[in-house]
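Here is the structure we will look at.
The values are calculated or read from the model by the stated rules, or taken from the named source; none is laboratory data. Just so it is clear, the model here is predicted, and its values are computed rather than measured. Quick reminder, even Gly has a Cβ in these numbers, built from the backbone with ideal geometry, and neighbours come from all protein chains shown.
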Amino acid sequence: MNQPLALTGEGLHFVCVKPVLALLICLLFAAPVVAQVEGGAEEEQTEPRDRPRITIEPGPSLIAPIQPPIQPLPGPELPPDVSDLPEPDQSIPEAPTPGIDKPDYSRLSSMEERAARLDDMFARLAEAENADAGNLVAEEIWAVWLNSGSASVNLLLRRGADAQTHNRNQFARVMYDYVTELEPNYAEGWARSSRLALEERDFARAAGEAVRALTLEPRHFYALWTLGNVLERLGRQDDALDAYREAQRLYPTLKSVSDRVDALEAILDGGVL
């Protein structure tokens with residue numbers, strides 16, 4: 001099994017995920033095929049759409065959890081509820097870990113500290129004994145991912161997530177497009193936009209944006225989940241299983257992912273496509 005690699009001294013973080021990276025490279029050349037599967041893509045617009053001007057006002061802090069895949073795929077259970085995560089300008093509380101000394105991050109830069117904290121959290125997530133313990137660690141990871149470093153971008157993402165939760169997808173699309181334009185290196189923005197594209201049945205966009213999110217954050221189990229949903233929807237069970245297995249490796253106690261791994265393994269082992 002490939003193991004994550006971290007170069008925190010440079011403030012960089014990469015993960016070696018051979019199976020998933022292989023399918024991601026494949027996906028970069030798969031957009032025409034996806035369009036053909038959907039019955040032929042419409043001609044691309046040469047002029048960008050004029051976006052409505054919006055007024056940003058304080059809104060709900062609800063963050064949408066991972067949504068179930070589009071039917072007829074089985075609808076998995078939702079992952080941890082992240083609606084109670086701290087606001088971006090608040091400090092992120094650390095869950096106490098009995099018997100383990102608290103790491104000292106005082107000598108690290110902000111980027112190095114973020115990478116080191118995520119490394120520690122993912123190590124704990126992989127070793128979680130049950131779903132409740134895993135959920136607590138996953139919430140800490142979400143808190144880091146949701147903070148883009150910009151209060152304005154954080155607010156746009158939260159407004160988009162709340163709109164998506166309440167089926168106001170047109171407004172959510174505007175919010176996510178602003179997020180990805182303002183912060184193109186923000187993995188969470190691409191992951192959320194990818195999920196919305198899947199709900200919109202724009203599979204080429206959903207796959208491409210999931211790849212973008214995973215390029216920025218290879219351990220993003222949310223983006224891996226969405227990518228698996230897209231591939232499964234397109235009948236590419238082998239590739240979908242690779243994505244689900246990597247998400248399961250990162251987050252072993254997430255039942256929705258484990259269920260899809262078991263289901264696809266049964267289908268592929270039985271030769272039923």
Residue count, segment 111-126, condition among the acidic types (Asp, Glu) and touching a residue at least 60 places away in the same chain (Cβ under 8 Å), comes to 2
Condition set surrounded by fewer than 22 Cβ atoms within 10 Å (Cβ to Cβ) and not in a helix (DSSP H, G or I), scope segment 145-155, selection nearest to the chain's Cα centre (by Cα): answer is LEU146
Note: among ARG158, ARG219, just one is under 30 Å from ASP120 (Cβ atoms) and either without any contact (Cβ under 8 Å) to a residue 60 or more places away in the chain or in a helix (DSSP H, G or I) (or both), namely ARG158
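Conditions (1) under 19 Å from GLY160 (Cα atoms); (2) under 12 Å from the mean Cα position of the chain (by Cα), marked per residue:
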{"site": "ARG192", "(1), (2)": "yes, yes"}
{"site": "ASP202", "(1), (2)": "yes, no"}
{"site": "ALA206", "(1), (2)": "yes, yes"}
{"site": "VAL230", "(1), (2)": "no, no"}
{"site": "GLN237", "(1), (2)": "no, no"}
The residue that is modelled with the lowest pLDDT, considering only those in segment 88-131 that are basic (Lys, Arg) and within 16 Å of LEU146 (Cβ to Cβ), is ARG114
Of (1) more than 20 Å from SER258 (Cβ to Cβ); (2) surrounded by 12 or more Cβ atoms within 10 Å (Cβ to Cβ); (3) modelled with pLDDT of 90 or more; (4) within 20 Å of the chain's Cα centre (by Cα), VAL137 satisfies every one except (1)
Considering residues that are surrounded by fewer than 16 Cβ atoms within 10 Å (Cβ to Cβ) and closer than 14 Å to ARG195 by Cβ, the number found within segment 157-168 is 1
message: Can you confirm whether GLN248 is in contact with a Leu (Cβ under 6 Å, 6 or more places away or on another chain), free of Cβ contacts under 8 Å to residues at least 60 places away in the same chain and not hydrophobic (A, V, I, L, M, F, W, C)?
response: no
Result of the Cβ filter at 6 Å on segment 164-187, keeping first residues that are part of a helix (DSSP H, G or I) and partners that are basic (Lys, Arg) and modelled with pLDDT of 95 or more, at least 6 apart or interchain, is MET175/ARG159; TYR176/ARG192
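Only one of ALA247, ALA197 is part of a helix (DSSP H, G or I) and farther than 28 Å from ASP132 by Cβ. Can you tell me which? Don't jump to the end; show me each part of the working.
Working: ALA247 fails: farther than 28 Å from ASP132 by Cβ.
Exactly one residue qualifies, and that residue is ALA197.
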Out of (1) of a type outside the set (Asp, Glu); (2) touching a Phe, Trp or Tyr at 6+ places or on another chain (Cβ under 8 Å); (3) buried (at least 19 other Cβ atoms within 10 Å of the Cβ); (4) assigned to a helix (DSSP H, G or I), the one ALA116 does not meet is (3)
